[in-house]
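We did not get these values from a lab; they are worked out from the coordinates using the rules stated. On a predicted model such as this, the values are computed, not experimentally measured, just so you know. Ideal geometry is used to build each Cβ from the backbone, glycine not excepted, and the neighbour counts take in all protein chains shown.
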Amino acid sequence: MVKMLTINICIGSACHLKGSYSVISKLQELVKDQSLEDKVEIKGAFCLGRCTQAVSVKVDDNIYSVSPSTTEDFFNNEILTKL
């Protein structure tokens, strides 16, 4: 069985205002482009407790601050390296 990497993206108020839905859309697009649908799961999450660093994205036990403009770099540097 393939281990699934789960990405939790905060959709709480602060993260929503800072573009969480754009981050989700971009990550979905990157996962599809790389044909990683069977290895990466993207989920919405409520507050991850890092509102001042929005958009908060949790992978494993780490929380990252991602913006729509840094999503692709985050994907390449943090997600692809874990697969």
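Applying a 4.7 Å cutoff between beta carbons, the unpaired cysteines of the chain are C47, C51. Here is how the number arises for the chain: DSSP H runs of 4 or more residues each give -39500 (n - 2.57), the sum is divided by the residue count, and the result at 222 nm is -7500 deg cm²/dmol.
In this Cβ point-charge picture (+1 for Lys and Arg, -1 for Asp and Glu), the chain has a dipole of about 240 debye about its Cα centre. Computed from Cα atoms, the angle from the helix 20-33 axis to the main principal axis of the chain rounds to 10 degrees. For the chain, chymotrypsin sites (Phe, Trp or Tyr not before Pro) are listed when DSSP marks them as loop and at most 16 other Cβ atoms sit within 10 Å of their Cβ; the list is F46.
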